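Report on the following structure.
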Amino acid sequence: MAKLNLLLLLVLVVCALGLVTSQHNSRKLFSELEREQERSRALDVEFGQLQLEASTWGLHSRVEKIAVGTLGMRAPDPRRVRMVEVKTGLPQP
């Protein structure tokens with residue numbers, strides 16, 4: 001009977017240690033999940049800011065202002081503009 005009690009005590013201790021270990025791992029993983037979700041939110045905010053910045057950089061008025069002011073570009077004389085027709089078919093042999 002004493003051997004059975006000792007065996008049951010040993011099984012109980014092993015189960016208790018397994019429970020404590022699994023709870024510890026669960027808490028550690030939950031903490032890591034929370035960190036990654038916070039990082040995801042921060043990256044979403046940064047992505048939105050970068051999209052706004054990209055749309056600002058590509059505004060027609062800004063590009064034209066830089067082209068005229070900094071680069072000294074101007075629109076071509078309409079009399080010197082030639083339209084080129086693009087043929088979309090494959091050449092015939």
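The values are calculated or read from the model by the stated rules, or taken from the named source; none is laboratory data. Everything numeric here is computed off the predicted structure, so don't read it as measured data. Cβ atoms come from the backbone with ideal geometry, glycine included; neighbour counts cover every protein chain shown.
Points to keep in mind about this one:
- Taken across segment 75-89, residues that are assigned to a helix (DSSP H, G or I), under 41 Å from the mean Cα position of the chain (by Cα) and hydroxyl-bearing (Ser, Thr, Tyr) do not occur at all.
- Filter pass, residue 62 being surrounded by 10 or more Cβ atoms within 10 Å (Cβ to Cβ) and either part of a loop (DSSP other than H, G, I, E, B) or out of contact with any strand residue (DSSP E or B) (no Cβ under 9 Å at 6 or more places or on another chain) (or both): yes
- Yes/no for residue 67 being at pLDDT below 95, surrounded by fewer than 10 Cβ atoms within 10 Å (Cβ to Cβ) and of a type in the set (A, V, I, L, M, F, W, C): no
- Criterion (surrounded by 10 or more Cβ atoms within 10 Å (Cβ to Cβ) and under 37 Å from the mean Cα position of the chain (by Cα)) met by exactly one of 17, 50: 50
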